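The values are calculated or read from the model by the stated rules, or taken from the named source; none is laboratory data. What you see is a predicted model; the values in this text were computed from it and never measured. Neighbour counts are summed over all protein chains in view; Cβ atoms, including those assigned to glycine, are modelled from backbone coordinates with ideal geometry. We work out accessible area using only protein heavy atoms, side chains counted, and drop any ligands, DNA or RNA first. Shrake-Rupley method; radii C 1.70, N 1.55, O 1.52, S 1.80 Å.
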Amino acid sequence: MNRIGVMTSGGDAPGMNAAVRSVVRTTLDKGAQAYAIYNGYQGMVDGGSKITPFSWADVGGILHRGGTIIGTARCNAFRERAGRLEAAANLLKNGLSKLVVIGGNGSLTGALLLQSEWSSLLSELVEKGIILAETAQSHPHLSIAGIAGSIDNDLPGTDISLGADTALHRITSAIDAITDTAASHQRTFVVEVMGRNCGYLALMAGIATAADWVLIPESPPNLDAWEDKMCSVLTHGRKIGKRDSIVIVAEGAQDRHGNPISAEYVRQVLEDKLQEDARVTILGHVQRGGSPSAFDRNLGTIKGTRAVEALIEANGSGLSALIGLVANQFIRADLKTNIEKSEAIHNALKEKDFATAMKLRGPGFKESFATLRTLVRATPHEHPKESSKLRIGVLNAGAPAPGMNTAIRAAVRLGVDRGHSLFGFYNGFKGMIENQGEFLDWMSVNGWATTGGSNLGTCRHLIEGRDLYAVARTIEERELDALIVIGGWSGYQAAQTLNEQRLNFPAFDIPIVCIPATIDNNLPGAELSVGADTALNVIVEAVDRIKQSAVASRRVFVVEVMGADCGYLALMGSLATGSERVYLPEEGMDLGDLRKDVDMLISGFRQGKRLGVILRNENSNPTYTTGFISRLFEEEGRETFEVRRSILGHIQQGGHPTPFDRIYATRFAAKAITYLEQQVDNSEPESICVGMINGSYRYTPLHEIARQMEKEFNRPKVQWWLDLRPIARTLAQPNPQFNHNSGVGD
Ligand code: ADP
């Protein structure tokens, strides 16, 4: 029988538990045996009870927990051959030569070393009589599937490592809170975030919190007198009305001579040069802790499944893979190549070859840094040339989505910085019809990066009949050269209408860019829309709380989530909370399904289950409503469990945007401005929606988007995330073929 071991090693990272759960349950689902190795390499060296078979139930109820339930450690013994010899002996005692290693750079380097020495270690063990020759022969190779777990996000081979998104959540909420107090006292705060060799957290937190200055290891200030430059930016900010200033310093920040720049040094500089009260906050270990974000839970879950699949497919042939998420695709990258690349970055940093370090981090990192540099400016560049300026209208459309304000702010600042003027319309297209709005200058969007809702106002208004004349008049009166629409499907449709009516209304002959912003994530041309990540986190936090409320009872919760005709929130919410079942509009449901689900629940509760969660998308079936399903389950499960329903409702559209939504909103706005500049001299300007597909920005022409939508339902014909359904099904219910107890929790 196949045996697969899983371990977590090095620094702990939120999401490791999701990965362990997924590795164990996927292994069991395939009829193989799962082993946990406690405390990383220390457990491997110690052996005994530190390497133990794990059951389905052993990984129940852990998705929401931070840290790692199987422990992690730093192990010096493993750095020596003698320690690795012990480790190999202990693995073989348990019949293990297939491992999922979840950890950082050091842990994965250790795994590679063990793999390269495997046959010589085994020969030595046979020679010493510790293992039999047959045992060595039946495990000729050590197979490894690595999962990068590191809040620093410092590993190549994956766009993001486990824990980085949660760390960004912790950092942004801390900085949001600090900003409030900084503004109250007109104070500057210097915030140190983790990242000894990698500025990812500092850079992304800088974008997400609208910080005023950011110092990262990969791109030291290119001036010797960078302190003066920083102070002049902060002073300028104060002069134009900013009450708070935030400087973010990565742990490993340095100047271009390689001298460390500490948060304390920055504070001293600010105090000396600005005669201003500055405070230091070192965020420290709060960045590692706490419940994992929805993204990290799903990242750990999916990578865990893919790791087991890779090991089983490789069939003991000595796999050496890093399970990466690259361009929104889960891939098997070569472990060695990526560890070498990681070393190359470290060496480049050591040798102060910052250009190489920045290049090796990849284009997304470089581009984000360039965007940040513009956004942190206290005032825009001077633009003497009137002729090159564009007059750009901006508006929100559709239901509110967290991140709409962030996108407006970025469009305004990036646009104004390039010499354009931005006019914001109130209440979506209604504002265009009524010609209501205001010019937005640099400071008018101050503080907009972090707030939920829509400060300009938004509405779902489709443009028809006389509206067309009114909108045309507004465009002419405001002399608009271009339009940016940030919103959902109704916004896209309105933009499309203007585009189609160009022959009748010459005023509409301007380029329009739509930026996807809806919690439903139901837009063509974009794999993810701004707002969906925030809504998903709201759902996950709510379900966590709902589960806690049921500690003393045997209860099934039917939780209804938004999404209209798109099941994205329901499915991803189900994966992240480990719900027993999810009802999606894409699949629908019939009475037979409900019957099976009731039976599944009754059998689970009879075997000891205490809690069940069913997630239902609001439009999954018009007849089998949340109320109907709850009543049906209540009636059928009368003797075994109670049923409660919970309709999460509009809390899903509110709240501060998550770091992910803020970063995407900013990036899309940057792309929108660049696109409009390219179109200005085009005699037939094309209107588009911007999005990210397979990791690249895409501009999809508006006339094409209708073809990409399912006519009957407001959702794209092709939805990438539907491929994740088998994982949700596998991890929620044990495979009866292998006789696992189904009476356990999530
Ligand atoms: P991380 O995996 O988070 O980078 P560390 O660098 O501390 O954390 O590595 C975790 C563990 O991996 C170490 O305590 C050690 O047991 C093992 N390890 C790290 N580097 C090596 C190496 N070069 N050779 C052998 N083992 C290593």
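Here are the numbers for the structure shown:
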quantity	calculated
Those GluC sites (Glu not before Pro) in the range 464-550 that DSSP places in a loop and that have at most 15 other beta carbons within 10 Å	Glu464, Glu479
Positive-end residue of Met44, Leu270, Ser232, charge dipole of the chain with Cβ unit charges	Met44
Under 5 Å, built H, 5+ apart or other chain: amide partners of Gly487	Ala397, Ile515, Ala517
Whole-Å distance, taken between Cα centres, linking the range 243-272 and the range 137-202	19 Å
Radius of gyration and Dmax over the Cα atoms of the range 164-287, both given in Å	13.3, 37
Nearest-0.05 FRET efficiency for Gln708 and Asp228, computed from C-beta distance (R0 51 Å)	0.50
Cα-based helix-to-principal-axis angle, 489-500 vs the chain, degrees rounded to 10	50 degrees
Charge dipole magnitude, Cβ of K and R +1, D and E -1 - the range 164-287, Cα centre, debye nearest 20	240 debye
Helix 335-350 vs. the chain, principal-axis angle (Cα, 0 to 90°, nearest 10)	60 degrees
Isolated Cys in the chain, by beta carbon distance under 4.7 Å	Cys75, Cys198, Cys231, Cys459, Cys566
Portion, in percent, of the accessible area of the chain that falls on carbon or sulfur, probe 1.4 Å	48 percent
Difference of contour (0.36 nm per residue) and Cα-Cα distance, Val286 to Val551	92.7 nm
Kirkwood-Stokes translational diffusion coefficient of the chain, alpha-carbon pairs, 4 °C, 1.567 mPa s, µm²/s	47 µm²/s
Filtered chymotrypsin sites (Phe, Trp or Tyr not before Pro), the range 333-370: DSSP coil and at most 15 other beta carbons within 10 Å	none
Stretch gain in nm, segment Ile69-Thr625, where the contour uses 0.36 nm per residue and the Cα spacing is subtracted	196.4 nm
Relative packing of peptides 81-94, 6-19 - highest average C-beta neighbours within 10 Å first	6-19, 81-94
Principal-axis tilt of helix 263-274 within the chain, Cα atoms, nearest 10 degrees	20 degrees
HN-Hα J in Hz across the range 691-708 - Karplus 6.51, -1.76, 1.60, θ = phi - 60°, x for Gly and Pro	x, 10, 10, 6, x, 10, 6, 10, 10, 9, x, 4, 5, 8, 5, 4, 5, 7
Listed pairs Lys336/Lys609; Lys303/Lys711; Lys98/Lys128; Lys239/Lys352 exceeding 32 Å between Cα atoms	Lys336/Lys609; Lys303/Lys711; Lys239/Lys352
Virtual spin-label span in nm between Arg698 and Glu134, 7 Å along Cα→Cβ	5.6 nm
Cβ-Cβ FRET estimate between Ile331 and Gln275, R0 fixed at 51 Å, reported to 0.05	0.45
Residue order for Arg21, Arg478, Arg473 - accessible surface, 1.4 angstrom probe, largest first	Arg473, Arg478, Arg21
Theoretical FRET efficiency, 1/(1+(r/R0)^6), r = Cβ-Cβ of Thr640 and Asn94, R0 51 Å, to 0.05	0.85
Cα-projected label distance for Thr674 with Ile651, points at 7 Å along beta-carbon direction, nm	3.9 nm
Paramagnetic label zone (point 7 Å from Cα along Cα-to-C-beta, Asp681; backbone N under 17 Å) in the range 501-528	511
Residues in the range 440-455 that a label on Asp180 would reach, taking backbone N under 17 Å of a point 7 Å out along Cα→Cβ	447-453
Total charge dipole magnitude, the chain, about the Cα centre, Cβ charges on Lys, Arg, Asp, Glu only, Debye to nearest 20	1240 debye
Rounded accessible area of His461 (nearest 10 Å², 1.4 Å probe)	50 Å²
Exposure of His64 as accessible area (Å², to 10), given a probe of 1.4 Å and all protein chains	70 Å²
Those residues of the range 3-29 whose amide nitrogen sits under 20 Å from the label point placed on Ser603, 7 Å along Cα→Cβ	25-29
Selection of trypsin sites (Lys or Arg not before Pro), the range 238-337, meeting DSSP coil and at most 16 other Cβ within 10 Å	Arg243, Arg256
Heavy atoms of Asp255 accessible to a 1.4 Å probe, total area in Å² rounded to 10	30 Å²
